Each structure stands twice: as C-alpha cells, then as structure tokens.
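K.L.:
My structure is below; once you've seen it, I'll send some questions.
The values are calculated or read from the model by the stated rules, or taken from the named source; none is laboratory data. Values in this document were obtained by computation on a predicted structure and should not be read as measured data. Cβ sites come from the backbone with ideal geometry, for glycine too, and all protein chains shown count toward neighbours.
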Amino acid sequence: MKTPVRKAIILRGPPGVGKSAVCRVLVRRYGEAARHINLDSYWGKGEWRYAQPDFRYADLQLAPEPVLIVELAWGEPDGLPFPGATRGADQWMHLLQQAKRVVLPFYLTADWNAILQRLTERHGYDSHHDALLELGRASFYEHKHHLFSYPEIPGITERTIDTTGKEADIVADLIMKMAG
C-alpha cells in the first residue's frame with residue numbers, strides 16, 4: 001500500500017486576505033487527514049508562548065496527519081520585539097522538511113480596498129478596533145519587509161494567490177489543485 005504524501009500547506013499574508021476562512025475550508029475538505037496549526041497562536045499570544053516555547057515545534061514534527069495546514073497571522077502583538085509572520089521560518093520550515101513533509105507555501109494577497117472592507121466587516125463599523133492600523137501593518141507585506149518574507153530556502157517556492165473578489169471555497173480549490 002502506498003503511503004500518502006505528507007504535506008505542509010502554509011498560508012501567509014496581511015490581515016483581511018482570508019487566511020482563516022480558507023483554512024476552515026481546507027480543514028473541512030481534507031477532513032481527518034488534516035490538522036490546522038495557527039503559528040501565531042503558538043508563537044505570539046501573550047504569556048502562553050513563554051510557558052510552552054517548544055509546543056509548536058513538537059506539533060510540526062510529530063503531527064500524524066498527512067496534511068498540515070499552517071496559518072501565519074500578521075505577526076506578534078504590539079509591544080513585543082521582532083514582529084513578523086515568518087519569524088523563525090528557516091527553523092520551522094527545516095523541521096517540516098526533517099519530518100519528510102512537502103512544504104507548500106502560499107502568499108494570499110488582495111486589493112487594499114477589499115482588505116479594508118473585510119477588516120471593517122470583521123470588526124464592525126462601530127468597533128473600537130482600528131482597521132486602519134491593521135491595514136497599515138499590511139503595508140509591511142507590500143513593501144517586502146524582511147520580517148514578513150521567507151528566507152531563501154532551496155527547493156521551496158511560494159505561490160501567490162490574489163483573493164480579491166474570491167470566496168474562500170474558490171481559493172481553497174486553487175490551493176488544493178496546486179498542492180496536488
């Protein structure tokens with residue numbers, strides 16, 4: 001019996017491009033064969049990261065599911081040094097390769113107006129949440145700031161998908177088709 005290819009589908013991009021929505025669709029479609037890992041949850045949420053600094057590495061190395069769907073939020077919360085959605089990417093990508101996973105990174109992008117609309121809808125028009133601040137953070141992606149870009153890793157090529165005007169199902173279809 002042929003063993004399934006072990007994949008790691010990585011989604012990154014600025015706030016409001018649909019990463020979380022696409023992750024939910026991918027997890028639903030792959031079913032029990034997939035595990036969703038939000039690296040921002042393991043790396044950047046308050047004190048939790050200090051209490052369990054190795055958890056994300058173990059999860060990436062030991063996950064039994066054939067497909068890991070790794071979501072990278074915009075980066076660490078305000079006030080922490082070195083924000084960035086790809087912080088430590090050379091380390092965790094190396095771990096995925098050591099675990100014999102095919103690493104398939106995707107960069108999701110969208111028109112600025114679409115991002116602003118999604119952020120406003122997400123947080124509400126009367127919210128105290130500053131959607132413009134998040135949009136400002138998105139500019140780090142557009143300007144290819146080093147903390148939001150992958151290091152050069154031989155054999156790994158990131159694919160870009162523009163999510164402007166696309167539902168999460170359509171984007172998930174594209175990713176599944178490209179991931180094989």
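K.L.:
Would you check which residues across the stretch 145-169 are part of a loop (DSSP other than H, G, I, E, B), closer than 25 Å to Leu119 by Cα and among the acidic types (Asp, Glu) and list them?
P.N.:
Of everything in the stretch 145-169, those that are part of a loop (DSSP other than H, G, I, E, B), closer than 25 Å to Leu119 by Cα and among the acidic types (Asp, Glu) turn out to be Glu158, Glu167.
K.L.:
For residues that are farther than 27 Å from Ala114 by Cβ and in a helix (DSSP H, G or I), scanning just the stretch 15-42, find the one that is modelled with the lowest pLDDT.
P.N.:
Applying the filter and picking the extreme gives Tyr42.
K.L.:
For the stretch 139-180, how many residues are charged (D, E, K, R), exposed (fewer than 12 other Cβ atoms within 10 Å of the Cβ) and under 19 Å from Tyr30 (Cβ atoms)?
P.N.:
1
K.L.:
Now for a separate question. Looking only at the stretch 149-170, which residues are closer than 14 Å to Ile10 by Cβ and either of a type in the set (Lys, Arg) or under 16 Å from the mean Cα position of the chain (by Cα) (or both)?
P.N.:
Within the stretch 149-170, Ser149, Tyr150, Pro151, Ile156, Thr157, Glu158, Arg159, Thr160, Ile161 qualify.
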